[in-house]
There are 2 protein chains.
Amino acid sequence: MTSPDQHTLAHHFIITAADCNSQREISIAHLVTLIIETATEHANSIGVGFDRLISHGMSWVLSRLSIELDTVPSINRRYKLVTWVESINRLYSERNFEIVDVESGSRVGYARTIWMAIDMETRRPADLSALHILERYITDRPCPIAKQGKLFPVTAPTSEATYMFVTSDIDINRHVTTRRYIELIIDRWELGFWDANKVKRFDIAFRHEARYGEVATITAAPHGESAGVYDAAIQCGGNVTTLARITFVPRT
Amino acid sequence: MTSPDQHTLAHHFIITAADCNSQREISIAHLVTLIIETATEHANSIGVGFDRLISHGMSWVLSRLSIELDTVPSINRRYKLVTWVESINRLYSERNFEIVDVESGSRVGYARTIWMAIDMETRRPADLSALHILERYITDRPCPIAKQGKLFPVTAPTSEATYMFVTSDIDINRHVTTRRYIELIIDRWELGFWDANKVKRFDIAFRHEARYGEVATITAAPHGESAGVYDAAIQCGGNVTTLARITFVPRT
């Protein structure tokens, strides 16, 4: 539901078994799906949704996303995602999220997203100036997590896999789903590692869209000397499709 | 919501982009997820849900499912799934579903499911006699689609793939997700085939639970001489994990 001033929208959800990973917590892929749905709902409600962009021959694409969690949302509990717009310029718009445990009322995490528009014909970045109406909804509501740092390709992988994209990986725009990119990254760590560790922060940047039948190489490696911090990348042919960084903390 | 007499429950949903396949229709995997969630809601509301079964050391497992669709539910439309119980005996309970397009009011399809209980320790079938309360909710509401016929392993595959189960394939019970089994079957047909054909009927039987790290062989072949009907199977080691049959009809 939108707030009376429409500057924020709250999306309520319950985490079902199908939304969870093997640790009975929301999977990162499902959390990102909910973040995208909440962003879409708010954009629609203030008149800057996909329908409006299509009239300009453009479409929203998620460019970067960062999530930071104090507590990982878990099965059968009620949460809400609250979203608001931080900025817009010609090239991109920043939209933030608060994740709230509805029963306790406590904030369990935050997310930052950066959205670009692409020209539907050329699939190249489009000019967001036509959406100046979005400026009215900018708020200075704080989002206390750091903005996404620069992500780098993995140069000396300690983990590597290849995967060919199949029918169920393809979305309504004929590209690979956000879910699949994220799962391919998550899968670089074995089940026992996830039993012993949980995600504190997850950063991902979407660089290039992969398609049906393309073969991806997924790599991961520790990020410098920082304990629990890893870089990951998905490449297709010569293109970097996705870059990610995961910060793990041990379960206690 | 449950009806006043609690004999049926209706679960409302809107199909978002993330719920769809590349043909902008609900993916079979997502439809099955919604069917399971609707069954779970109704079982909980009449006191025979997972919580009740756990007190007997048992858990519900979906054994067989058949879906028949006149129209495949499509993006951004509102639907409801209405569920009711057809039967219960010592070994299994039959539960049916009607899929209704809320805007037009028309039924677009039906589903039949068969649920067993397993002993949580032995993972062997359990006796459902303790749930005799479920008999009160049996109705003779008709479900006009045929019960599931016998499904057979694929003997002379015309399509075959292998796949190792990874972290994101594992559910809260440490077995492979229903979603993954279904996607592995869906993926035996290439994207162009799905562009030209759609599912008229989907039958699946879950025989044996697969686990992390197991390697599956997925096979498919035409079912006898019937145009558009195919059998599919997932095997792990010597075990048949899943059997399925899909009836396709050309898109017009």
Return yes when B:Ser63 is over 21 Å from B:Asp5 (Cβ atoms), assigned by TED's automatic domain parsing to the domain that holds B:Asn21, surrounded by fewer than 16 Cβ atoms within 10 Å (Cβ to Cβ) and modelled with pLDDT of 95 or more and no when it is not.
no
Looking at (1) hydrophobic (A, V, I, L, M, F, W, C); (2) farther than 27 Å from A:Glu94 by Cα; (3) crowded, with 19+ Cβ neighbours inside 10 Å, which is the one condition that is false for A:Ile182?
(2)
Residue pairs within 7 Å by beta carbon, gap of at least six or interchain, first lying in region A:205-216 and free of Cβ contacts under 8 Å to residues at least 60 places away in the same chain, second among the hydroxyl-bearing types (Ser, Thr, Tyr) and in a strand (DSSP E or B), listed first then second, are A:Arg207/A:Thr241; A:Arg207/A:Thr242; A:His208/A:Thr241; A:Ala210/A:Thr241; A:Val215/A:Thr162; A:Ala216/A:Thr162; A:Ala216/A:Tyr163; A:Ala216/A:Thr241
Test A:Val100 against the criterion of being more than 14 Å from the chain's Cα centre (by Cα), away from chain B (no Cβ under 11 Å) and not in a helix (DSSP H, G or I), and give yes or no.
yes
Taking region B:69-92 and keeping residues of a type outside the set (A, V, I, L, M, F, W, C), crowded, with 20+ Cβ neighbours inside 10 Å and more than 14 Å from every other protein chain (Cβ to nearest Cβ) leaves B:Tyr79, B:Thr83
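Sort through A:Arg141, A:Arg188, A:Arg123 and tell me the only one that's in contact with a Ser or Thr (Cβ under 6 Å, 6 or more places away or on another chain) and not acidic (Asp, Glu).
From the options A:Arg141, A:Arg188, A:Arg123, the qualifying one is A:Arg188.
Can you pull out the residues in region A:216-233 that are β-branched (Val, Ile, Thr) and within 14 Å of chain B (Cβ to nearest Cβ)? So that I can check it myself, show each step before the final result.
Our first condition is that a residue be β-branched (Val, Ile, Thr); within region A:216-233, this holds for A:217-219, A:229.
Result: A:Ile218, single match.
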How many of the residues in region B:179-205 are aliphatic (A, V, I, L, M) and either facing chain A (nearest Cβ under 8 Å) or part of a helix (DSSP H, G or I) (or both)?
6
With the first residue restricted to region A:159-172 and required to be free of Cβ contacts under 8 Å to residues at least 24 places away in the same chain and in the same structural domain as A:Arg188 (by TED's automatic domain parsing), and the second required to be in a strand (DSSP E or B) and of a type outside the set (Ser, Thr, Tyr), Cβ contacts under 7 Å at 6 or more apart or on different chains are A:Ile172/B:Cys20
In region A:129-158, what residues are touching a residue at least 60 places away in the same chain (Cβ under 8 Å) and among the hydroxyl-bearing types (Ser, Thr, Tyr)?
A:Tyr137, A:Thr139, A:Thr155, A:Thr158
So which residues in region A:157-179 are crowded, with 18+ Cβ neighbours inside 10 Å and basic (Lys, Arg)?
A:Arg179
Scan region A:35-60 for residues that are surrounded by fewer than 17 Cβ atoms within 10 Å (Cβ to Cβ) and among the small types (Gly, Ala, Ser) and jot them down.
A:Ser45, A:Gly47, A:Gly49, A:Ser55, A:Gly57, A:Ser59
Is one or more of the residues making up region B:1-15 in contact with a Phe, Trp or Tyr (Cβ under 7 Å, 6 or more places away or on another chain), closer than 30 Å to B:Met120 by Cα and in a strand (DSSP E or B)?
no
Go through the residues of region B:52-65 one by one and say whether even a single one is within 23 Å of B:Ile182 (Cβ to Cβ), among the charged types (D, E, K, R) and without any contact (Cβ under 8 Å) to a residue 60 or more places away in the chain.
no
Considering B:Glu94, B:Glu86, which residue is free of Cβ contacts under 8 Å to residues at least 40 places away in the same chain, under 19 Å from B:Lys147 (Cα atoms) and either in contact with a strand residue (DSSP E or B) (Cβ under 6 Å, 6 or more places away or on another chain) or in a strand (DSSP E or B) (or both)?
B:Glu94
Kindly establish whether A:Val154 is touching a strand residue (DSSP E or B) at 6+ places or on another chain (Cβ under 6 Å), more than 14 Å from chain B (Cβ to nearest Cβ), crowded, with 16+ Cβ neighbours inside 10 Å and in a loop (DSSP other than H, G, I, E, B).
yes
Quick check on region B:165-173. Is at least one of its residues of a type in the set (Phe, Trp, Tyr), in contact with a Ser or Thr (Cβ under 8 Å, 6 or more places away or on another chain) and within 14 Å of another protein chain (Cβ to nearest Cβ)?
no
The number of residues in region B:16-34 that are part of a loop (DSSP other than H, G, I, E, B), under 12 Å from B:Ser74 (Cβ atoms) and not basic (Lys, Arg) is 4
Selected residue [modelled with pLDDT under 95 and β-branched (Val, Ile, Thr)] from B:Ile36, B:Ile26, B:Ile54:
B:Ile54
Which pairs have Cβ atoms under 9 Å, sit 6 or more apart or on different chains, and link a residue in region A:16-37 that is closer than 17 Å to B:Ile14 by Cβ and within 9 Å of another protein chain (Cβ to nearest Cβ) to one that is among the polar types (S, T, N, Q) and assigned to a strand (DSSP E or B)?
A:Ile36/A:Thr113
With respect to B:Arg179, determine if the residue is in the same structural domain as B:Leu243 (by TED's automatic domain parsing) and within 24 Å of A:Glu183 (Cα to Cα).
yes
Scanning region A:207-246 for residues that are within 20 Å of A:Ile114 (Cα to Cα) and among the hydroxyl-bearing types (Ser, Thr, Tyr), which turns out surrounded by the most Cβ atoms within 10 Å (Cβ to Cβ)?
A:Thr242
Assess whether A:Ile118 counts as being touching a Ser or Thr at 6+ places or on another chain (Cβ under 7 Å) and either within 13 Å of another protein chain (Cβ to nearest Cβ) or part of a strand (DSSP E or B) (or both).
yes
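The values are calculated or read from the model by the stated rules, or taken from the named source; none is laboratory data. Since we're looking at a predicted model, the values are computed, not measured. For neighbour counting, all protein chains shown are included, and Cβ atoms are generated from backbone atoms with ideal geometry for every residue, glycine included.
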